[in-house]
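Worksheet: the structure to be examined is printed underneath.
The values are calculated or read from the model by the stated rules, or taken from the named source; none is laboratory data. Computed from a predicted model, the values in this text were never measured in an experiment. Glycine also receives a Cβ, built like all others from the backbone with ideal geometry; neighbour counts cover every protein chain displayed.
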Amino acid sequence: MVLRHRLDTLRRQAGAATAEPGSTRDGGATTLQERLARMRVGHGNQTTAAPSSGDPIALAHALGAEVVAPGVLRVDHDLAHGERHGATRVPGPEAHLAFPGMPQLPLTAAGFLDTETSGLAGGTGTIAFNVGLLRRRDDRWQARQYLLTGFRGEAPMLDALAEDLQGLEAVVTYNGGSFDLPLLRDRYRLNGVSTPPLPQRHVDLLHPVRRLFARRWPDCRLATAEARLLGMQRDNDLLGSAVPGVWFDWVHRGHGHLLDDVLRHNRLDIVSLLALAPQIGDVAACPWEWSADSRGAAVAWLRAGDEGHALECLQRGRDLDAAGRLELARLLRRQRRLDEAVAIWQALAREGDTRGAEHLAKFYEHVQRDPVAARRWADSLPSGPDKERRLARLRGRGASGANLSLEFGTPARRR
């Protein structure tokens, strides 16, 4: 049952008329005491005005939220042990985020953060009216969400968030480096906090997802990662572009019947961050099992100093592009597996990729010291100063132009 219907039912059970948009708030009650008194009718059950009344207390009751300060509501949601999230389960406390090039991070030391804002462009006129933070508390994962019911609640919300962030080594986001964290830093500073109390370490999961899937997926939005890696489809989810309008509908007109959808949208975001964090490391370790970009994974392993794992990714990768095959040949050559490297260059040259021919010309000239074979490949290069210099040098080393033809498939000759 949607929030509006649930509230109407509660009001009817209490013997109160359903409030209509634009009606006097809380049936004419003008003080907080009167509104609270009207909530305590009918067999001792509490009820509330419909969210269309613009009453924050009624809204808190409807959302199952706590009023923590004027203008701020808080909703806590505990995740059950092994709770399903799409086709996966919420990871246990032993799980880690381990992506090549990043220091290993226990998930229990991280906070998973997402914001819903009054605008999508950022800037000092944009505020985060909903902040969700998922972290480990005692023996459970807890999703804590703050919701502003008015602008005056921003400062106390930021104070409460600062307390929740204490003790965390890192914060994990999705595109938070470009949006969420700069926005929060600005809001803290505008509220007089010169040093925003955010953890120094930040892990933005969008970047490893792009490295692994930008050339495989149509886009790398969080919803796409959820569907492809977690097996999760959001049913009847509120579009992110609609979120600011829902909040302004509450602020300006007192209509809050869609704010529960905003909280659900935000909560799904942060639970997905928790589920994706260890999954990303699994993909990087075995990209061929996830139809990921093996070249992207190999680059990450190379930057982490693990050439062996990079080589395995490239060798076991499916449908390597030309750049990936060239990188594989480079690593094979470094391991003195020359025949395998030459075979890759020759295959590329056969396909018309002049980079393969260029590598072969260099290889036969500088490694094999075979100017005749080097001349064969140099002749196939595009015209230009580099080609002319190479040919002149090879002629000086005794490579004649007579009877030269390209020979594919000839193994490298070791000296």
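Descriptive notes on the structure:
- Put simply, of Val342, Val299 the only residue that is crowded, with 23+ Cβ neighbours inside 10 Å, among the β-branched types (Val, Ile, Thr) and assigned to a helix (DSSP H, G or I) is Val342.
- Search result, residues across the stretch 229-250 that are touching a helix residue (DSSP H, G or I) at 6+ places or on another chain (Cβ under 8 Å), among the hydrophobic types (A, V, I, L, M, F, W, C) and in a helix (DSSP H, G or I): Leu229, Leu230, Val243, Val246, Trp247, Trp250
- Residue selected from the stretch 350-374 under the condition in contact with a Gly (Cβ under 9 Å, 6 or more places away or on another chain) and within 25 Å of Gly396 (Cα to Cα), by the criterion surrounded by the most Cβ atoms within 10 Å (Cβ to Cβ): Pro371
- Leading residue by the ranking (nearest to Ile280 (Cα to Cα)) among those in the stretch 160-180 that are part of a helix (DSSP H, G or I) and touching a residue at least 40 places away in the same chain (Cβ under 8 Å): Asp180
- Among residues of the stretch 348-363 that are among the acidic types (Asp, Glu), those with a beta-carbon under 8 Å from a residue that is at pLDDT below 95 and not in a helix (DSSP H, G or I) at least six positions away or on a different chain give the pairs Glu358/Leu381.
Here is a yes/no grid of residues against (1) surrounded by 18 or more Cβ atoms within 10 Å (Cβ to Cβ); (2) aromatic (Phe, Trp, Tyr); (3) modelled with pLDDT under 50; (4) at negative phi:
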residue: Leu10; (1), (2), (3), (4): yes, no, yes, yes
residue: Asp26; (1), (2), (3), (4): yes, no, yes, no
residue: Val41; (1), (2), (3), (4): no, no, yes, yes
residue: Gln46; (1), (2), (3), (4): no, no, yes, yes
residue: His81; (1), (2), (3), (4): no, no, no, yes
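- Checking each residue in the stretch 137-153 for being surrounded by fewer than 19 Cβ atoms within 10 Å (Cβ to Cβ) and not in a loop (DSSP other than H, G, I, E, B) picks out Arg137, Arg140, Gln142, Phe151, Arg152.
- Filtered residues of the stretch 78-127 (kept if over 22 Å from His265 (Cα atoms), outside any loop (DSSP other than H, G, I, E, B) and small (Gly, Ala, Ser)): Ala109
- All conditions but one from (1) crowded, with 22+ Cβ neighbours inside 10 Å; (2) of a type in the set (D, E, K, R); (3) closer than 28 Å to Asp321 by Cβ apply to Asp269; the one that does not is (3).
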